[in-house]
Amino acid sequence: MVQISKNRIFVAYTIYRDESTADQTHAEMHGKFINFDLVNKTASIDGDTVVFPVMAVEKAHRHPCFAKVLNKQTGKYRYICLFNTGTQLLGDSELNLVYSDDDCKTWSTIQTLMSESTTTEPFYLIPCSIVTIPRGIFSGRLVTAVFRQAPDQSTSEIAILYSDNSGETWKIGGKLANGTFNTPEVTFGFLNETMVCLDAQGNLLLGIRNEGYNNLNQRVMLWARSYDGGNTLVIEDKPHLVTAMSEGSILQAATSLHEGIPKILYSYPSQPNLGATGYQRRYLRVALSYDNGKSFPIEYTPDVLSTWTGYSHLIGLSDQDFVLVQERGPNLETIYINFFNIAEMLSHV
């Protein structure tokens, strides 16, 4: 999801051949434009479906995330989209890039950044979010986080992927292996999708999905931070948020870190303990932190708690107004959009 103008957003999603919660093949990426009016509390789908370029019909095209890069000569934005094709189950995963110069109406041909079938380097995949560092020596750097794992899931690591030339080329930055987070009391599972946002000082905060589920102590989001633009990563031991095994979204709500009160939002399915394996994806919450991501004492529930949910994504329309996109339904077959603000969060905690 990405904002196009004051009252317009673009939402991308994946259409699979079959309804299933498992990783699949045969999937295309589509997109829709949503026009909205926050004053009158209305929203509507506008225009035809946008179909993204397809690498091969049998591949899964999924996990799109976006960045806006301003062309200072033309005054227009280029929209960059990173996404995956293929699946690790077949050993044919790729990390790809497309871009749009016409406000997401049409997209370029696919540029493959990494390919599991051709590279001899460690392979990284599944970006969740892209942020732009706004100031300092890394001003303008595009940053996302990616992960890789051994075929048997015995080892894994996450890494920063960054670009210093508006998405033309990308480099691997700091890395963390799954064993880094283990303690004498808890051994976590392999690492998976990783979210990125800015903290109050403009540093990078990472929320990392882990796949441990044997006991409740494993079913938490892991955290890391970078103080040098993503070149290196440092693990964090807080906050301790119990969650299902799922991608979520973290967002720095302040549009300018010099104004207002910086705050971090985190959306995630919070039901950790139903069934023997204990990670059914329900109870989506949006948590709020006022202490730079050290704790999330306020939690807002935009839906009925028993609703099946899955991956989610947040964007800020202003310091106070936000959009949440989430998967919903027993097979995660519905894309659901919530518009909400801070006042609503505080009145429903």
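For segment 47-68: of the residues being at pLDDT below 90 and over 19 Å from the mean Cα position of the chain (by Cα), which is surrounded by the fewest Cβ atoms within 10 Å (Cβ to Cβ)?
Applying the first criterion (at pLDDT below 90) to segment 47-68 yields 47-48, 55-60.
Now drop any that are not over 19 Å from the mean Cα position of the chain (by Cα), which leaves 47-48, 55-59.
Working: GLY47: 11, ASP48: 9, MET55: 16, ALA56: 11, VAL57: 11, GLU58: 12, LYS59: 20.
Only one residue tops the list, namely ASP48.
Residue by residue, here is whether (1) more than 20 Å from the chain's Cα centre (by Cα); (2) of a type in the set (A, V, I, L, M, F, W, C); (3) closer than 24 Å to SER267 by Cα; (4) surrounded by fewer than 17 Cβ atoms within 10 Å (Cβ to Cβ) holds:
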| residue | (1), (2), (3), (4) |
| --- | --- |
| GLU157 | no, no, yes, no |
| GLY167 | no, no, no, no |
| TRP170 | no, yes, no, no |
| VAL186 | yes, yes, no, yes |
| LEU206 | no, yes, yes, no |
| ASN210 | no, no, yes, no |
| ASN214 | yes, no, yes, yes |
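Across segment 14-35, what is the total count of residues that are in a strand (DSSP E or B), surrounded by fewer than 18 Cβ atoms within 10 Å (Cβ to Cβ) and touching a Lys or Arg at 6+ places or on another chain (Cβ under 9 Å)?
So the answer is 1.
Would you confirm whether or not segment 260-269 contains a residue that is touching a helix residue (DSSP H, G or I) at 6+ places or on another chain (Cβ under 9 Å), closer than 19 Å to SER347 by Cβ, at pLDDT 80 or above and aliphatic (A, V, I, L, M)? Even if it seems obvious, please write down each step before you answer.
Looking only at segment 260-269, we keep the residues that are touching a helix residue (DSSP H, G or I) at 6+ places or on another chain (Cβ under 9 Å), and these are 263, 265.
Checking which are closer than 19 Å to SER347 by Cβ leaves us with 263, 265.
Still in the list and also at pLDDT 80 or above: 263, 265.
Filter once more, keeping what is aliphatic (A, V, I, L, M): 265.
Checked against the condition, which is being touching a helix residue (DSSP H, G or I) at 6+ places or on another chain (Cβ under 9 Å), closer than 19 Å to SER347 by Cβ, at pLDDT 80 or above and aliphatic (A, V, I, L, M), segment 260-269 yields at least one hit.
Which is more than 12 Å from PHE83 (Cα to Cα), basic (Lys, Arg) and free of Cβ contacts under 8 Å to residues at least 60 places away in the same chain, of ARG141, ARG148?
Answer to the check: ARG148.
Just to verify a result, which residue in segment 202-217, among those that are assigned to a loop (DSSP other than H, G, I, E, B) and free of Cβ contacts under 8 Å to residues at least 60 places away in the same chain, is farthest from GLN280 (Cα to Cα)?
The qualifying residue farthest from GLN280 (Cα to Cα) is ASN203.
Which of the residues belonging to segment 70-86 are within 30 Å of THR118 (Cα to Cα) and over 18 Å from the mean Cα position of the chain (by Cα)? Give the steps one after another, and end with the answer.
Step one: list which residues in segment 70-86 are within 30 Å of THR118 (Cα to Cα), which gives 78-86.
Those that are within 30 Å of THR118 (Cα to Cα) and over 18 Å from the mean Cα position of the chain (by Cα): ARG78, GLY86.
Here is a list of conditions, (1) in a loop (DSSP other than H, G, I, E, B); (2) crowded, with 21+ Cβ neighbours inside 10 Å; (3) modelled with pLDDT under 85, and PRO302 meets all of them except one; can you say which number that is?
Among (1) in a loop (DSSP other than H, G, I, E, B); (2) crowded, with 21+ Cβ neighbours inside 10 Å; (3) modelled with pLDDT under 85, PRO302 violates only (2).
Go through segment 307-349 and count every residue that is small (Gly, Ala, Ser) and assigned to a loop (DSSP other than H, G, I, E, B).
2
Among the residues of segment 317-348, write down those that are at pLDDT below 90 and closer than 12 Å to PRO302 by Cβ.
Residues satisfying the conditions are ARG328, GLU344, MET345, HIS348.
Would you pick out the residues in segment 163-188 that are in contact with a strand residue (DSSP E or B) (Cβ under 6 Å, 6 or more places away or on another chain) and under 16 Å from LEU241 (Cβ atoms)?
Selection gives PHE181, PHE188.
Evaluate the following for ARG62: is it among the charged types (D, E, K, R), in a strand (DSSP E or B) and within 15 Å of VAL146 (Cα to Cα)? Talk me through it step by step, then tell me what you get.
Details: among the charged types (D, E, K, R): yes; in a strand (DSSP E or B): yes; within 15 Å of VAL146 (Cα to Cα): yes.
When the stated conditions are applied, ARG62 passes them.
Just checking, how many residues over segment 203-239 are basic (Lys, Arg) and at pLDDT 95 or above? Walk me through it before giving the result.
Taking segment 203-239 and keeping what is basic (Lys, Arg), we get 209, 219, 225, 238.
If we keep only those that are at pLDDT 95 or above too, we end up with 225.
So the answer is 1.
Just one of (1) among the aliphatic types (A, V, I, L, M); (2) under 28 Å from THR194 (Cβ atoms); (3) part of a loop (DSSP other than H, G, I, E, B) trips up VAL11, so point out which.
(3)
For segment 180-201, state whether one or more residues are of a type in the set (D, E, K, R), part of a loop (DSSP other than H, G, I, E, B), more than 23 Å from LEU82 (Cβ to Cβ) and in contact with a helix residue (DSSP H, G or I) (Cβ under 8 Å, 6 or more places away or on another chain). Explain how you work it out, then say what you get.
Within segment 180-201, the subset of a type in the set (D, E, K, R) is 185, 193, 199.
Those still in the list that are part of a loop (DSSP other than H, G, I, E, B) too: 185, 199.
Filter again for more than 23 Å from LEU82 (Cβ to Cβ), leaving 185.
If we keep only those that are in contact with a helix residue (DSSP H, G or I) (Cβ under 8 Å, 6 or more places away or on another chain) as well, we get 185.
Scanning segment 180-201, I find at least one residue that is of a type in the set (D, E, K, R), part of a loop (DSSP other than H, G, I, E, B), more than 23 Å from LEU82 (Cβ to Cβ) and in contact with a helix residue (DSSP H, G or I) (Cβ under 8 Å, 6 or more places away or on another chain), so the answer is yes.
The values are calculated or read from the model by the stated rules, or taken from the named source; none is laboratory data. Remember, predicted model here, so these are calculated numbers, not experimental data. All Cβ positions, glycine included, derive from the backbone under ideal geometry; neighbour counts span all protein chains shown.
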